[in-house]
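Trainee: Starting off with a structure, shown below.
The values are calculated or read from the model by the stated rules, or taken from the named source; none is laboratory data. Note that the structure is a prediction, hence the values are computed from the model and not measured. Positions of Cβ are backbone-derived with ideal geometry, glycine not excepted, and every protein chain shown enters the neighbour counts. The area values use the complete protein model at the heavy-atom level, side chains included, leaving out ligands, DNA and RNA. Shrake-Rupley method; radii C 1.70, N 1.55, O 1.52, S 1.80 Å.
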Amino acid sequence: MITGTSTQRNALATRCESGDKLSDVGRFVENVKEHWRAGKTPDVVAVLAEHPELRHHKTVVFDLAYQEYLYRQQAGENIDADTFSQRFPSCQKSLQLFIALQSLIPPDLVDAQDIAWPAPPCRFMQYKLMEEIGRGSFARVFLAEESDLGNRQVVVKIAPHGGEEAEILGKLRHPNIVPIYSVQKDDAGLTAFCMPYWGRATLCDILDYAFLDSQPPKQASVILDAVEEANSCAAQGDACPDAILSRGTFVDGAIHLAAQIADALAHSHGRGIYHRDLKPSNVLVASDGKPLLLDFNLSVDQQLLTMKVGGTIPYMAPEELAMLLEASNDYASHHYDPRSDIFSLGVIVYELLTGKLPFGPIPQEQSLDELAFQLHQRQKQSPRPLREYNRRVDSRLARLVESCLAFDPDQRPETAQELAVAFRKELSFVRRTRRWMGNHRKRVAGMAAVPLTLVLAVSLFFALRSPYDVRQYRLGLAKLEQGGYSEAVECLNNAVLANPNFSEAILARAKSYHRLGQYQTAYQDYDSVYQQTHDPAMNAYKGYCLNRMKSHKAAIAMYRSALEVGCDSPALLFNNIGYSYLLLGQLNDAEKYLHDAIQADGNLQAPYYNAMKVSLRRALQGQPVSDEVLAYADKAISIGPCTADLYRLVAILYARRAVRHPEAVQPSIKYAKKAIELGFSPKAFASDPNFSTLRQAPAFQEALKIRATTANTSQAIQLLDPLGKS
């Protein structure tokens, strides 16, 4: 056991309290482990008694506790994981689960992952690793400083061969998904992901803190208390939590978190990406109580066959466990079902509301196959009724959560977006009030004696006040106009939940999702508005969303439908149909619709640009560049904006023309020069085979030496957005 001098203990406490010199904490912990390796009896409880300031570092407690468990187990002691974990209430649940799951990893797999992990404090690439703040079987997460950027605090996740995860994270931009700053690899094959530091609290911390006495808490503020406790030795910015977390019930707070996680899943699923490892430790909770999905290490793209089964046993859906149990391991025809993510989220929400896993605790001393089989059999029998463990959950909400845990995927909510909407309905004023009244029946009965004058006064106040849905709609509309799209979605969700037939609010929400780039969700709202109003403009919006989702054939059909019913802006529809045909390689159809777009409105650059793209496709097939197309080029330039991308395309068309018409050489060089001046790479021109006839021209060689004077390398607009510019 390490005690240290009084001076050492006081110094360590001071550093912890100030959030400074985390590296000293790391060195102290390594010193403790070194004494254990030298033969000292491991006793974390004694260490924490001598150094209570270490309790603020939950990861340190977790790490030391797990190391003690391993040492005692290796010494031949018959140690019960549940009893052992109870000695560490701040991380009891997460430690118990980690021990159980680590025991399932085959020894040969552990050996294969014998990685030389960095040991903070140390440097790794350009990062100064300060402290380990999380770990899994095959990854480590560190609090770090990025010295190249003013020593800003970041989180660095280090894992072997993580390129696929980085590619997936790069496609996702959502307020409830942890973004990625950068990704790098070292010579040893380790990948480092750099992410913003939003504290170290996860849903695991909330579960450990909220269920210390095994009873569900009453107030949602316990969620914020748990986050504060987890971050007590870390610098955090000012938090501005939602009112539900500050003043609501714990049930309302849990559903508030669940709705946001479902939003994040809807965004991910809308881009064809499925998480596949949802569990409490993979949901970060920021200081303001906002949940953020992280760890997409096992995620897959819907376009790909799922060649491996992934997940964490207690949170895996039955269909995934079934694949795990198949002896053949033949996944040749297996595509991941997004409703498996919904099942995993259901397990999380059930556990958050009750403190218990829905299908019982994890048995000890079983193999991976035995545990998977036993859990699969339990899942067939349905979970224990949620209300047996938490009577503050009303029957309607319990049924919703339990529906996520259905053995048959067809019995679960169809999409994450549908689930998010359902959760938010449970947060409406009416349903929250009903839950409160159901849990306070005596108080409600006493309120019947409130003087009639007070009742009348309150009634008059609400009678003269705008309805809740209207107020939320107006607020959401203002946020939309100000560019606060995420805030707009939240307000408009409230309006629609209060009034599901409020088409104006649904349309405003669709536009907010549209601006956020959540096109699948926006499409659903646009379609809902169309079903209510039959406004042909909705089909134009839906067509644009389909284009963004790369469903170009469906987009064409939608645009045509809008044209048939007399939608405004026919030029936009003609252009977007032509653009879709261009991407599909149907050049004749593309040319026809782009010509119609130009006839309908000659002052839009996009149809001219797209027509030039069609001409280039034909030129590459050996057809000449016509005078009409060069006239289109002049018109596109005159309309603007003039980007390097536009000038490059015009230069290519003139270069192709120069094969038969030498007088086109000079215009081609002129436009190539303009493209380079705006930032286009001279090397790209030098290697482009379209300019092979110009390479010997001195003027072309001189143009390649020009340096950019401004930077306008943005792409020319090809697809016209019905909402216009944001």
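Trainee: Could you tell me which of the residues Glu414, Glu388 is of a type in the set (Asp, Glu) and within 24 Å of Ala220 (Cα to Cα)?
Mentor: Glu388
Trainee: To continue, here is another question. Residue check, Glu702 against (1) open to solvent by 60 Å² or more (accessible area, probe 1.4 Å); (2) acidic (Asp, Glu); (3) under 21 Å from Glu591 (Cα atoms), all met but one. Which one?
Mentor: Unmet condition: (3).
Trainee: Related question: For Asp568, indicate whether it is modelled with pLDDT of 95 or more and surrounded by fewer than 24 Cβ atoms within 10 Å (Cβ to Cβ).
Mentor: No, not satisfied.
Trainee: Now a separate question. Only residues that are of a type in the set (A, V, I, L, M), more than 15 Å from Leu694 (Cβ to Cβ) and at pLDDT 90 or above: list them for segment 615-638, please.
Mentor: Leu616, Val629, Leu630, Ala631, Ala633, Ala636, Ile637
Trainee: Could you please find all residues in segment 181-193 being under 19 Å from Asn282 (Cα atoms) and buried (at least 19 other Cβ atoms within 10 Å of the Cβ)?
Mentor: Within segment 181-193, Thr191, Ala192, Phe193 meet the criteria.
Trainee: One residue is enough: does segment 416-433 have a residue meeting the conditions over 30 Å from Ala317 (Cα atoms), loosely packed, with under 10 Cβ neighbours inside 10 Å and either modelled with pLDDT under 90 or in contact with an Asp or Glu (Cβ under 7 Å, 6 or more places away or on another chain) (or both)?
Mentor: No, segment 416-433 has no match at all.
Trainee: Condition first: more than 29 Å from Tyr559 (Cα to Cα), in a helix (DSSP H, G or I), of a type outside the set (A, V, I, L, M, F, W, C) and touching a residue at least 24 places away in the same chain (Cβ under 8 Å). Can you find one or more residues in segment 688-710 that meet it?
Mentor: Yes, segment 688-710 has at least one match.
Trainee: Moving on. Answer yes or no: is there a residue in segment 680-692 that is farther than 30 Å from Arg515 by Cα, more than 45 Å from the chain's Cα centre (by Cα), hydrophobic (A, V, I, L, M, F, W, C) and surrounded by 20 or more Cβ atoms within 10 Å (Cβ to Cβ).
Mentor: The answer is no, given that none of the residues of segment 680-692 is farther than 30 Å from Arg515 by Cα, more than 45 Å from the chain's Cα centre (by Cα), hydrophobic (A, V, I, L, M, F, W, C) and surrounded by 20 or more Cβ atoms within 10 Å (Cβ to Cβ).
Trainee: In segment 257-273, is there at least one residue being open to solvent by less than 10 Å² (accessible area, probe 1.4 Å) and over 30 Å from Ser551 (Cα atoms)?
Mentor: Taking every residue of segment 257-273 in turn, at least one turns out to be open to solvent by less than 10 Å² (accessible area, probe 1.4 Å) and over 30 Å from Ser551 (Cα atoms).
Trainee: Moving on to the next point. So which residues in segment 645-663 are over 19 Å from Ala686 (Cβ atoms) and either assigned to a helix (DSSP H, G or I) or of a type in the set (A, V, I, L, M, F, W, C) (or both), if there are any at all?
Mentor: Scanning segment 645-663 gives Leu646, Arg657, Pro662, Glu663.
Trainee: Let me ask you something else. Among the residues of segment 186-201, is any of a type in the set (Gly, Ala, Ser), closer than 29 Å to Asn151 by Cα and assigned to a strand (DSSP E or B)?
Mentor: Looking through segment 186-201, at least one residue is of a type in the set (Gly, Ala, Ser), closer than 29 Å to Asn151 by Cα and assigned to a strand (DSSP E or B).
Trainee: Please work out if Ser551 is more than 23 Å from Val496 (Cβ to Cβ), out of contact with any Phe, Trp or Tyr (no Cβ under 7 Å at 6 or more places or on another chain) and among the polar types (S, T, N, Q).
Mentor: Against the criterion (more than 23 Å from Val496 (Cβ to Cβ), out of contact with any Phe, Trp or Tyr (no Cβ under 7 Å at 6 or more places or on another chain) and among the polar types (S, T, N, Q)), Ser551 qualifies.
Trainee: Keeping to segment 387-408, report how many residues are surrounded by 17 or more Cβ atoms within 10 Å (Cβ to Cβ), part of a helix (DSSP H, G or I) and under 28 Å from the mean Cα position of the chain (by Cα).
Mentor: 6
Trainee: Gln219: modelled with pLDDT of 85 or more, open to solvent by 70 Å² or more (accessible area, probe 1.4 Å), touching a strand residue (DSSP E or B) at 6+ places or on another chain (Cβ under 9 Å) and not small (Gly, Ala, Ser), yes or no?
Mentor: It is true that Gln219 is modelled with pLDDT of 85 or more, open to solvent by 70 Å² or more (accessible area, probe 1.4 Å), touching a strand residue (DSSP E or B) at 6+ places or on another chain (Cβ under 9 Å) and not small (Gly, Ala, Ser).
Trainee: Additional query: Suppose we filter segment 368-393 for residues that are within 18 Å of Ala406 (Cα to Cα) and of a type in the set (Ser, Thr, Tyr); how many remain?
Mentor: 1
Trainee: Determine if segment 610-631 includes at least one residue that is assigned to a helix (DSSP H, G or I), of a type in the set (Ser, Thr, Tyr) and open to solvent by 50 Å² or more (accessible area, probe 1.4 Å).
Mentor: Within segment 610-631 (the criterion being assigned to a helix (DSSP H, G or I), of a type in the set (Ser, Thr, Tyr) and open to solvent by 50 Å² or more (accessible area, probe 1.4 Å)), the answer is no, since none of the residues qualifies.
Trainee: Among residues belonging to segment 571-609 that are without any contact (Cβ under 8 Å) to a residue 60 or more places away in the chain and not in a helix (DSSP H, G or I), point out the one that is most open to solvent (accessible area, probe 1.4 Å).
Mentor: Asn603
Trainee: In segment 468-499, which residues are touching a Lys or Arg at 6+ places or on another chain (Cβ under 9 Å) and surrounded by fewer than 17 Cβ atoms within 10 Å (Cβ to Cβ)?
Mentor: Arg471, Gly483, Ser486
Trainee: Which pairs do you get when a residue that is touching a residue at least 40 places away in the same chain (Cβ under 8 Å), found in segment 344-359, comes within reach of a residue that is in a helix (DSSP H, G or I) and acidic (Asp, Glu), reach meaning Cβ atoms under 7 angstrom, with the pair 6+ apart or on two chains?
Mentor: That search, which allows pairs on different chains as well, returns Leu357/Glu351.
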